[in-house]
Every structure is written in C-alpha cells, then in structure tokens.
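Taking it in order: structure first as structure tokens, then the write-up.
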Amino acid sequence: MLSNSLPERGGRVSEPEKLERGLGLLEATSLNMTFMVGIGPFIVIPFIIRAMGGPQCLFAWVAGALLALLDGCIWAELGAAMPQAGGSYVFLREAYGANRWGRLMSFLFIWQTLFQAPLSISSGALGFADYSAYLTVKVPGLQPWLQAHAAQANYNRIVALLVITLVVLLLYRRITAIGKISTALWVIVVGTILWLIVGGATHFNAARVFTYPPGAWSFSWIFFAGLGHASVQTVYSYLGYYNVCHLGGEMKNPERNIPRAIFISIFGIALLYFAMQTSILSVVPWQEAQNSPFVASLFVERTFGSAGATLATALILVIAFGSIFSATLGYSRVPYAAALDGNFFSVFARVHPTKRFPHVSLLALGATTIVFCMFFSLFAVIRGILAMRCLIQFIAQAVGLVILHRRWAADRLPFKMWLYPVPVVLAILGWAAIFVSTGRRPMLASLAAMVAGILVYLGRARWLGQWPFEEAAG
C-alpha cells in the first residue's frame, strides 16, 4: 500500500503531518450522506416525474443508484489504496504516471474543479435560497417588502451569499470539531426523510403509485430518452458518495473505513430516496407533483397540515445547508493536494498553524463560490456539473483503475471490488450515457473547457520545462 505521505519531488511539499486523522467511520458516513442529500432530491423530483411522464419515474432512482454503486466500487478501491487529501487528483496522477500523462490528467482535474466545485456548491446554495421562498411567503409583510425592494434573482443571490459565508465560518476549525457538526447534520437528514416516509406510509394510496399513463412501459426511444434526462437528475442527487476520498488524509483506518463509508452511504441514501419518492407519489398525484416547486412541503401539508409543512421546509433547508457544508469541506482539499504536488499555486498548500486544516484553500473556494452565485441560476448549473465531471473525473478515473490493476501488485489495492472488471466497464458505459443525456450545450461546453485546460497545461509546462517539454528544456 502507498505511504500516507508524499515524497519531496520537483518542488513538492511533503504531506505527513500537517493534516489530522480525526475522522472515523461515523463521521465519514455522515459527511457523505449529508453531501448526497442536500436540496437536490427536493428540487429535482418534479422534473424527474415530468421527464418520465408518471409514477414509473421510480425507475430513474433505481438507475441512478445502480450507477452510483458501480462507480462506488472504483472509488472504494482507489480511496483505500491512496488515502490522501485530494481524491481524484491523486488517483489520476498515480494511475497515469506522476511524471508523464498523470501530470496532465491531474492538472485537468484541477482545471475542471476550478469551475465545477464552485458550481456544485452554488447549486446547493441557490437551491437553498429558492426553497426558502416557501417560508418567506408565510411571514406577514415580508413578501410584499421583498417584491418592492428586491427581485427574486437578487433575493436568491443574497441568501446564497449568506449561506456560503456561514458555511466557511463553521469550517474554519479543527477536523474533529467538524466531524461532530457533520454527525448532528446527518441525524437531521435521516430523521427528516424518515418522517416523510412515515407520512407516506400512514396516508398510502396504492392507486396513485401504481396507476400508470398509457404507454408508460412501451420501452420505445421516447421511454429511454426520458429515462436518460431523468437519470441526469437522480445521479446529481446521488453525487457525494465519494466525498470521503477527498478527505483521505484525515481519515482513521482509511483502508477499511473509506470503502465502508462509500457503500453504506449509497445503499442508505438509495433506500431513503426510493421510499421518499414512493411516499410523495402515494399522497400527491403525479400530475400535480410534476408541476409543484415545493413538492416535499406540499406533501407534508397534505399529511401533517400547514404547521407540519413549515417545520418540514425548515428541516429541508437544514439538510441543504449540511450538503453545502460537506461539499465545501471536501472540495477545499483538492487545491491543497495539487499545491502540495507542485501542480498549483504553493499558497494553497498552507495549513492553519493551530487548527491544522488548509485555510487558504477553504477561503479561496468560498470566495469563488460567492462570485459564481452572482452570475448563475440553479438549473443552469446541474447539467453543466455532470457533463464536466463525466470525462475526466469518472470515465478517465475508471480507466486509470484498470491501468493500476495491470501495473501494481495485488497488495497495493487493499480493497478489491467484486466481479472485476464488470463494474468498471458498466460504470464507463453508464457515465458515457449520462454525458450524452446532459444535452448538446453542456457537452460542447465541457469539451471546450477540457481543450482549454490542455492548452493551459501545455503552455505552463513549456514555460516551466515540465513534461512533455522537459527533454527539450534539458
């Protein structure tokens, strides 16, 4: 197995350390699950129902869970073998060769992270702001004041800015304290969803769940096109099962706890999502649910009354906040890992002298996310996030694992997936399908960003005399 420290090489900063291994299985699983849930399922449920055209939308949740499980096998192997800060950055660098193609691939991951990490966090913050409107309309006099003094877009951006600022303030502390905060948020996440499920069970109407429109199971190209579009949203809602890999340098017993946290998170969240969607469909007719911007709140209003809906909405906002919290924590470790490696600005490798966390990276990510919130809307970023991740972070990483299986001895992979390489092949095919399903504009934007990243890398490498220009420089 690899050492937990990074050797000095070509200007690298050594990792041993500096970071504190203070996260156990409970804290890691809590961070994963709070990242995965967030505001995502509550805002995409209407779109998923609309894309599938009825209660068969449950199939899209199963498809998303299956892809997450297949991809989780890849992350589990890589995370257990390389438990360091940075996750995919380290995986791509080592799989493709630290001094050759791995330099380019890891740089491309950092390049895309500069865009997709703030976009991902922004989507949670903007979703939080959007969903909070359910509560603001109930405050006497507040809604007319907002309409008179601020447009909805400005309201969303102001709320998002305040949320991100609070998250950064809470993360500006030792990892052990953060672990306790994440566990408390996780309890709220699970408790809220279980409450929704209980509401559906006590008001269950099978006719609503199992009454399908004509042609629902025709399995025509229309069905699969709808499934593709719906699966983009369900996969977005599952993202985060790998968050623990970004925190590998702060995990206790990472060889065992990283795979466990990944699979517990995927199975647990998949069951909760499926049960929650079934509960909502059993109470709110799908024809109505597909057009409701606050479908979960509407569901609770039908089952527990107006006061219950207000409480449920408040809890959903806490869940959204928890997701932003976990995402910001995980992504802040990626520029730090690249800076340690000499592949990014060295200032990002700085660790707080007493709290022992990468504070420069955290502050820079928070500031960038605030800027992104000022210019983008919620649904404009979801497809862009997935399209940008598919090629480098998911598909290239899966191919990289195959390369490592051929190059490394078996004892360097402490966790081994079942039925290898079947899950890897299926995951690659699944991500390729998701990439196509994001649509033409996100695909082209993702490819353009990748080409720009390659050009930037080549220009930088030529200037510094790094691969592939090192021989000419010598």
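The values are calculated or read from the model by the stated rules, or taken from the named source; none is laboratory data. Just so it is clear, the structure is predicted and the values come from calculations on it, not from any experiment. Neighbour counts run over all protein chains shown; Cβ positions are idealised from the backbone, glycine included. With ligands, DNA and RNA removed, areas are computed over all heavy atoms of the protein, side chains included. Shrake-Rupley method; radii C 1.70, N 1.55, O 1.52, S 1.80 Å.
Observations on the structure shown:
- Count of the range 385-395 residues which are open to solvent by 10 Å² or more (accessible area, probe 1.4 Å) and modelled with pLDDT of 95 or more: 1
- Looking at the range 411-474, the helices (runs of 4 or more DSSP H) lying wholly inside it that each contain 3 or more residues that are open to solvent by 50 Å² or more (accessible area, probe 1.4 Å) and within 18 Å of W101 (Cα to Cα) sit at 440-464, 470-473.
For (1) touching a strand residue (DSSP E or B) at 6+ places or on another chain (Cβ under 8 Å); (2) modelled with pLDDT of 85 or more; (3) assigned to a helix (DSSP H, G or I); (4) not hydrophobic (A, V, I, L, M, F, W, C), each residue gets a yes or a no:
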position: A312; (1), (2), (3), (4): no, yes, yes, no
position: F325; (1), (2), (3), (4): no, yes, yes, no
position: L329; (1), (2), (3), (4): yes, yes, yes, no
position: L363; (1), (2), (3), (4): no, yes, yes, no
position: F372; (1), (2), (3), (4): no, no, yes, no
position: R383; (1), (2), (3), (4): no, no, yes, yes
position: V399; (1), (2), (3), (4): no, yes, yes, no
position: I403; (1), (2), (3), (4): no, yes, yes, no
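- Output for the range 174-190, where each listed residue is closer than 29 Å to R50 by Cβ and either out of contact with any helix residue (DSSP H, G or I) (no Cβ under 6 Å at 6 or more places or on another chain) or assigned to a loop (DSSP other than H, G, I, E, B) (or both): V190
- Selection count where residues are assigned to a loop (DSSP other than H, G, I, E, B) and under 22 Å from A327 (Cα atoms), scope the range 210-252: 5
- Residue within the range 68-79 that is open to solvent by less than 10 Å² (accessible area, probe 1.4 Å), at pLDDT 95 or above, more than 30 Å from A275 (Cβ to Cβ) and not small (G, A, S) present: yes
- Candidates G322, G305, G268, filtered to the one that is without any contact (Cβ under 8 Å) to a residue 12 or more places away in the chain and open to solvent by less than 40 Å² (accessible area, probe 1.4 Å): G305
- Test: residue in the range 337-356 that is among the small types (G, A, S) and outside any helix (DSSP H, G or I): yes
- Qualifying residues in the range 109-127 (those that are touching a Ser or Thr at 6+ places or on another chain (Cβ under 6 Å) and either hydrophobic (A, V, I, L, M, F, W, C) or at pLDDT below 85 (or both)) - the one nearest to P293 (Cα to Cα): I121
- The range 207-252, subset of a type in the set (S, T, N, Q) and in contact with a helix residue (DSSP H, G or I) (Cβ under 8 Å, 6 or more places away or on another chain), residue surrounded by the fewest Cβ atoms within 10 Å (Cβ to Cβ): T211
- Tallying residues that are farther than 24 Å from I264 by Cβ and either modelled with pLDDT of 90 or more or of a type in the set (G, A, S) (or both) within the range 35-49 yields 4.
- Taken over the range 280-296, the residue count meeting the criterion of being closer than 16 Å to G199 by Cβ, assigned to a helix (DSSP H, G or I) and either among the acidic types (D, E) or open to solvent by 10 Å² or more (accessible area, probe 1.4 Å) (or both) is 1.
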